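Please treat every number below as a calculation from the coordinates, not as lab data. Bear in mind that the values here come from a model prediction, so they are computed numbers and not experimental data. Because the Cβ atoms are built from the backbone with ideal geometry, glycine has one as well, and the counts that use them run over all protein chains shown.
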Amino acid sequence: MTTETETLIRPGAQPLRRRRAGAGPGALRSVGKHILLAGVSILMIYPLLWLVVSSFKPNGEIFRDLSLFATNLTTENYVNGWNDLQHPFGQFLLNSAIIALGAIVGNLVSCSMAAYAFARLRFRYKNLAFAIMLGSIMLPFQVLLVPQFIIFKELGWLNTFLPLIAPKFLATEAFFIFLMVQFIRGLPKELFEAARIDGAGHVRSYFQITLPLIVPSLATTSIFTFIWTWGDFFGPLIYVRLPELFPASLALKGFLDAQSSSDYGSMFAMSVVSLIPLFLVFLFGQRFLIKGSATSGIK
């Protein structure tokens, strides 16, 4: 009985010992990779950590010691930064939120409609129009700057949020259109054929079939639009001149003064405050970014 038991155990025990013996080099390689990645991550995140630490330092110590260790910490920079400009910094954050929300709504509405048209409708010169749309991605923003500025000036839109929001309702973001087109093309055609048999037109197919199924791409569009719009500096610099309409990205420039001393501590503190919405959006929306990119043909 003992002999039979040992015979049954030994064949299974030998591969187990071999697996344990071979796990040593693999485990060491895995640990080495993790250490390397951790080191690279620390190197990349160091500027952000330095920004956060410097926001708690007095102005005189910010550039004197570039390390992440500080003894004389204070919250005075946050208090001064919130109140030292012409308006409370909360007003600038609100302006950024209004611009970002308007841009998100505009891109979701216009880009999804354009994507549905390219993916499901049949019309003349569709392929040519799609190629031109993709080609517009390669156009630098500076090429369109002067014509757009003249148009918005003639419309009386300067010193308003309209130049920053209205173009989003005209499907000007070719990247998001392409993203949604790829997603819609991946949907089963049988759904649309069944809806057409039931008497549903394109409007009903768009609202009741397409939109519920492309939520990941809509979420990806919203996140990218928020990130790009919230941090935009050049657009508001061109079209907005009134301080009460400045977004946070443009208001931070108010802490720098070429004629007198600059308040770097307050600027760093308000920069940290401005980064919090971006961090939260990316933290809670990263799974939608991964899912939306992975299922839309973008590798």
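Overall size of segment 178-267 from C-alpha positions, given as principal axis extents largest first: 72, 22, 18 Å.
For segment 187-195, the Karplus equation 6.51 cos²θ - 1.76 cosθ + 1.60, evaluated at θ = phi - 60°, returns couplings of 6, x, 5, 4, 4, 6, 5, 5, 5 Hz by residue, with Gly and Pro reported as x. If the chain linking ARG204 and THR71 were pulled fully straight, counting 0.36 nm for each residue of separation and taking away their Cα-Cα distance, it would gain 41.6 nm. Counting only Cβ charges, +1 for Lys and Arg and -1 for Asp and Glu, the dipole size of the chain around its Cα centre is about 1540 debye. Kindly identify the chain as rounded, prolate or oblate by the Cα gyration tensor criterion: order the square roots of the eigenvalues as a ≥ b ≥ c, call it rounded if a/c is under 1.5, otherwise compare a/b with b/c, prolate if a/b is larger, else oblate. It is oblate, given that a/c is not under 1.5 and a/b is not larger than b/c. Taking 15 Å as the straight-line reach from the Cα of LYS57, the aspartates and glutamates in range (excluding those fewer than 8 positions away in the same chain) are ASP65, GLU76, ASP263. Near ASP84, once Lys and Arg are set to +1 and Asp and Glu to -1 for all other residues with Cβ below 13 Å from its Cβ, the sum equals -3. Neighbour counts of other Cβ atoms within 10 Å put VAL40, VAL181 in the fewest-to-most order VAL40, VAL181. Between VAL146 and TRP50, the contour length at 0.36 nm per residue exceeds the Cα-Cα span by 30.7 nm.
Listed from fewest to most Cβ neighbours within 10 Å, the set LYS33, LYS57 follows the order LYS33, LYS57. Stretched out straight at 0.36 nm per residue, the stretch from LEU162 to PHE282 would grow longer than its current Cα-Cα span by 40.6 nm.
Between segment 183-215 and segment 99-123, the C-alpha centres lie 15 angstrom from each other.
Farthest towards the positive end of the charge dipole of the chain, among the residues PRO25, LEU278, ASN77, is the Cα of PRO25, using unit charges on the Cβ of Lys, Arg, Asp and Glu. Sorting SER262, SER67, SER271 from the fewest to the most surrounding beta carbons within 10 angstrom yields SER67, SER262, SER271.
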